[in-house]
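Next up is a structure, given as structure tokens.
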Amino acid sequence: MLVNTLFFSSLLISRAQSVSLNQYNEIWTSPSKNSSESMPCGGGDIGLNVWVENGELLFYVARSGTFDHNNTLLKLGRVRLKLSPNPFESGDTFKQELVLNKGHIEITGARSGFSAQITVWVDVFRPVIHVDVTASKVVKTEASFESWRHVDRVTKGRENNANSYKWAPQGEVKTLKDEIRFNNDALVFYHRNGPERSAFDVTVQQQGLDSVKNQLFNPLTNLTFGGLLSGSGLKPAGTYQGKYLDTEFQGWKLVSQTAARKHELVLHLHTAQAASVEEWKKRLEVVKKEAVSSAKTAQQRTQTWWNDFWARSFIYVETAPNSPEWQVARNYQLFRYMLGCNAFGTYPTKFNGGLFTYDPSLIDSSMRFTPDFRNWGGGIHTAQNQRLVYWPMLKTGDWELMKPQFDFYRNSLKTAELRTVVYWQHKGASFTEQIENFGLPNSAEYGWKRPAGYDKGMEYNAWLEYEWDTVLEFCLMMLETERYAGKDISGDIPFIESCLTFFNEHYQYLAKKRGSKAFDGENKLILYPGSAAETYKMTYNASSTIAALRTVLTRLLDLPDSYLTSEKRTFWQQMLNRIPPLSFRSFDGHPTIAPAKLWERINNVETPQLYPVFPWGIYGIGKPGLDTALNTYRFDRDALKFRSHIGWKQDNIFAARLGLTDEAARLTLLKLGNSGRRFPAFWGPGFDWTPDHNWGGSGQIGLQEMLLQADGKKIYLFPAWPKNWDVHVKLHAPYNTTVEAVLKNGKLESLTVIPESRRKDIVNMLK
């Protein structure tokens with residue numbers, strides 16, 4: 001009886017959550033004008049932009065890790081589906097809905113008593129895309145695969161911002177054509193990186209690393225990606241030419257031979273560094289065979305995965321639909337869905353569009369390029385931006401989604417260590433800003449026109465020089481997965497230690513090049529030259545770097561003894577003791593955190609003087625020096641001048657961490673408000689591109705921090721939450737803890753803490 005009662009209670013909770021989540025389903029009641037009015041759909045590591053235009057269903061297909069030899073992140077192509085007779089063409093009714101709890105899109109149309117529904121879904125566990133058609137009477141289907149890479153294309157000027165060459169190509173840059181052909185009743189297409197000189201080869205030679213080239217991580221050689229398009233009763237029906245917006249394409253058509261009430265279109269994908277095309281094709285056939293007999297089971301498993309995803313955490317603001325506060329919660333959910341579409345990617349979700357970019361002229365009319373374009377590179381992963389995509393996953397409990405980002409660094413560890421040995425002959429992993437998917441600095445940012453004798457390990461770049469410390473945020477994320485989820489991070493300790501070793505050895509190395517002493521008069525490391533983000537340059541003891549080293553070392557030393565030998569613990573404690581203190585300055589008599597002890601110039605518009613608040617957590621609610629951190633937010637003239645909600649700006653997070661409720665709410669309403677595009681979470685371009693994923697990530701972090709903050713064992717509930725915002729929230733906290741709370745009319749109506757023993761650690765800040 002007790003079991004049945006618990007089951008029934010669980011079922012009710014699940015249904016209640018479903019009802020709450022369903023209010024955030026994105027619903028459109030008219031077709032779209034073009035791809036800028038597309039809706040995201042995906043799963044596993046696949047992203048689709050789905051829209052209906054002129055009575056036809058279209059979607060772009062993107063997948064994690066599809067890099068060509070120029071390191072452009074290529075889309076696989078575009079699919080077009082048309083029904084005959086067609087209920088979507090000048091129909092009486094139309095509805096397109098992103099059904100969040102099922103992870104799919106449903107499109108329904110009706111005309112003159114005839115109706116049809118199309119369901120588009122992606123298998124979370126296999127690289128397979130399904131399009132299911134159900135009609136009220138028999139119809140024929142016409143499915144086409146369209147590619148703008150049916151010929152080689154030379155890329156010039158700003159179009160090279162999509163690849164690794166950016167503004168500094170060394171000769172002609174060409175996107176090579178795909179191989180596309182009918183194969184019996186299906187269509188096979190693929191892109192293969194052949195013997196051409198790749199961005200990897202060019203970068204290795206530029207940076208003087210040919211002597212260790214065979215030891216470096218190279219993800220581009222022989223990379224082959226593509227798929228197989230087929231459908232029930234479909235037969236090849238020839239090719240055609242066309243132009244969509246700015247880009248000419250060729251289409252390959254499959255047409256159903258008989259009319260039926262149900263049709264299924266399936267797209268099987270495969271990506272691998274294959275020794276040959278034949279090997280790749282064999283594996284693609286395996287993908288098809290594994291999927292064919294299990295479509296129904298796959299859909300059930302996929303929907304179960306999405307249900308579990310949404311049950312793990314949520315933020316439901318209980319207010320009138322479409323109010324600004326409601327939009328914040330809805331867009332938080334929609335952005336989390338987009339991140340969930342790359343749960344199992346070979347590579348992390350990219351800050352500059354993720355898997356959901358579309359035709360660039362619809363973002364910037366001067367960029368009349370192909371749908372493969374995104375600004376700020378395809379294989380380039382800018383750590384300052386990527387970090388904001390991945391920090392919120394700790395509190396959502398989406399730890400499995402963090403693996404692709406961690407793997408990015410794990411794969412590049414040896415490369416980073418070899419850089420250090422070759423250039424400076426000491427130990428430690430040197431990770432720069434703007435690194436490629438193979439771990440080296442981007443060639444354009446590294447600089448082709450370098451002064452003779454300039455340090456080969458350095459980027460000759462006013463923004464990026466001496467910026468090493470962003471990797472430490474990912475070190476802390478790794479450490480936090482141990483604290484939040486109880487994960488065994490033994491495999492990541494060598495990575496974290498190598499990153500710390502670089503700072504310990506490199507700044508002693510630099511000091512000894514300038515003089516006879518490795519430390520200052522207080523026996524502290526001299527962090528010069530350094531950089532406080534990209535903003536304060538040529539710094540002496542940047543506060544962001546000091547806070548990073550102090551926090552990562554402290555968390556490393558907090559680990560159980562099983563992670564560190566006594567010798568290692570003594571060594572890292574010694575390094576922690578050698579980290580210099582933070583510096584301060586005053587504005588109108590108000591003491592504030594300084595960006596550094598000294599700096600030479602200001603180059604960007606970040607606020608690293610508040611990084612000791614976030615991400616490093618040295619200052620905050622209930623911690624010493626809160627007044628000084630508040631002064632920094634309120635009175636630092638640079639901080640005030642740089643304040644914004646746009647893009648990667650994190651003032652909303654600072655405000656929340658400091659308990660500034662009104663300010664956090666103001667900035668969050670701006671940050672997570674509707675994007676101004678048809679899909680409300682397609683923010684951007686901001687400083688980057690659309691959809692701007694570090695805009696969404698920083699918005700997520702800020703909203704979470706308004707609701708829940710953790711300091712050691714303490715959990716602060718509603719530390720910067722407006723009392724008049726009713727909310728039902730479930731978030732994760734350190735030590736395998738989940739907190740679910742309902743706030744209504746300014747009062748805490750219910751609180752569930754798992755495990756119950758952690759309830760004593762909750763501090764309700766609204767009391």
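We did not get these values from a lab; they are worked out from the coordinates using the rules stated. Remember, it's a predicted structure, so these values are computed and weren't measured experimentally. Virtual Cβ from ideal backbone geometry, glycine too; neighbours counted across all protein chains shown.
In a shell of Cβ-Cβ distance under 14 Å around residue 261, excluding residue 261 itself, what net charge do Lys and Arg (+1) and Asp and Glu (-1) give?
Neighbourhood net charge equals +1.
While we're looking at this one, here's another question. Of the listed peptides 718-731, 538-551, what is their order by residue-averaged count of other C-beta atoms within 10 Å, with the highest listed first?
Working: 718-731: 20.6, 538-551: 25.4.
Peptide ranking by packing, descending: 538-551, 718-731.
Would you list the P(r) distribution for the range 259-381, with all Cα-Cα distances sorted into 5 Å bins from 0 and each bin expressed as a whole %?
2, 8, 10, 12, 16, 17, 16, 11, 6, 2, 1, 0
So for the range 381-613, what are the equivalent ellipsoid semi-axes in whole Å, largest first, each being the square root of 5 times an eigenvalue of the Cα gyration tensor?
Semi-axes (√(5λ), whole Å): 26, 22, 20.
In deg cm²/dmol, rounded to 500, what helix-only [θ] at 222 nm does the chain give when every DSSP H run of at least 4 residues adds -39500 (n - 2.57) and the total is split over its residues?
-9500 deg cm²/dmol
So if we plug the beta-carbon distance of residue 517 and residue 623 into 1/(1 + (r/R0)^6) with R0 = 35 Å, what FRET efficiency do we get, rounded to 0.05?
That pair, residue 517 with residue 623, gives E of 0.55.
Here is a further query. State, to one decimal in nm², a quarter of the convex hull surface area for the C-alpha atoms of the range 590-679, i.e. the direction-averaged projected area. Please list the in-between numbers first.
Working: hull surface 27.2 nm².
Mean projected area of the Cα convex hull: 6.8 nm².
Here is a further query. Among 362, 217, 304, which residue has its Cα positioned farthest towards the positive end of the charge dipole of the chain, with +1 placed on the Cβ of Lys and Arg, -1 on the Cβ of Asp and Glu, and the dipole taken about the Cα centre?
304
Find the Rg to Rh ratio for the range 701-767, where Rh is the Kirkwood radius over alpha-carbon pairs and Rg uses the same atoms.
Reported Rg/Rh, Kirkwood definition of Rh: 0.92.
Now, a different point. Determine one quarter of the surface area of the Cα convex hull of the range 116-265, which equals its mean projected area, and express it in nm² to one decimal.
Working: hull surface 48.4 nm².
Averaging across all directions leaves 12.1 nm² for the Cα convex hull.
Here is a further query. Rg(Cα) of the range 63-185 divided by 2.2 N^0.38 Å?
On the way: Rg = 19.5 Å, N = 123, 2.2 N^0.38 = 13.7 Å.
Computed over Cα atoms of the range 63-185, the ratio equals 1.42.
Moving to a separate point now. Tally Lys and Arg at +1 and Asp and Glu at -1 over the other residues with C-beta under 14 Å from the C-beta of residue 197: what net charge comes out?
Once positives and negatives cancel, what remains is -3.
Can you list the DSSP H helices in the chain whose Cα atoms extend at least 20 Å along the helix axis and whose mean Kyte-Doolittle hydropathy is 0.5 or higher?
Qualifying helices, which must be both long enough and hydrophobic enough, are 2-22, 471-485, 543-558.
If you bin the C-alpha pair distances of the range 593-637 every 5 Å from 0, what whole percents do you get?
Going out from 0 Å in 5 Å bins, the range 593-637 shows 5, 20, 31, 24, 13, 5, 2 percent.
Sticking with this structure for a sec: Name the lysines eligible as straight-distance cross-link partners of residue 296: C-alpha to C-alpha under 16 Å, and not fewer than 8 places from it in the same chain.
Within reach: 102, 262, 288.
Any idea how many Lys pairs in the range 381-613 come in under 23 angstrom at the alpha carbon, given 8 or more places apart or on separate chains?
Taking the Cα cut-off of 23 Å, the pair count is 29.
In nanometres, what is the gap between the two model label sites at residue 318 and residue 576, each 7 Å from Cα along Cα-to-Cβ?
4.3
So, one more: Taking all pairs of different Cα atoms in the range 403-500, averaging 1/r and flipping that mean, what Kirkwood radius in angstroms comes out?
For the range 403-500, inverting the mean 1/r across all distinct Cα pairs yields 14.3 Å.
Now for a separate question. Calculated FRET efficiency, residue 221 and residue 407, Cβ-Cβ r, R0 22 Å, to nearest 0.05? Let's see the in-between values first.
Values: r = 18 Å, r/R0 = 0.84.
E between residue 221 and residue 407, to the nearest 0.05, is 0.75.
A follow-up question, please. How many nm separate the modelled label positions at residue 456 and residue 152, each set 7 Å beyond the Cα in the direction of the Cβ?
3.2
Further question on the same structure: Under 17 Å Cα-Cα from residue 156, which lysines qualify once same-chain neighbours fewer than 8 residues away are excluded?
Result set, ordered by chain and number: 166, 174, 177.
Quick check: residue separation of residue 276 and residue 168 times 0.36 nm, minus the Cα distance between them. What number comes out in nm?
Additional length available on full extension: 35.7 nm.
How large is log10 of I(q)/I(0) for the range 190-286 at q = 0.11, 0.14, 0.19, 0.20 Å⁻¹ when the intensity is taken from the Debye formula with one equal scatterer per alpha-carbon?
-0.56, -0.78, -1.04, -1.07
Here's a follow-up. Can you tally the net charge around residue 673? Count Lys and Arg as +1, Asp and Glu as -1, for every other residue whose Cβ sits under 13 Å from the Cβ of residue 673.
Surrounding charge for residue 673 is +3.
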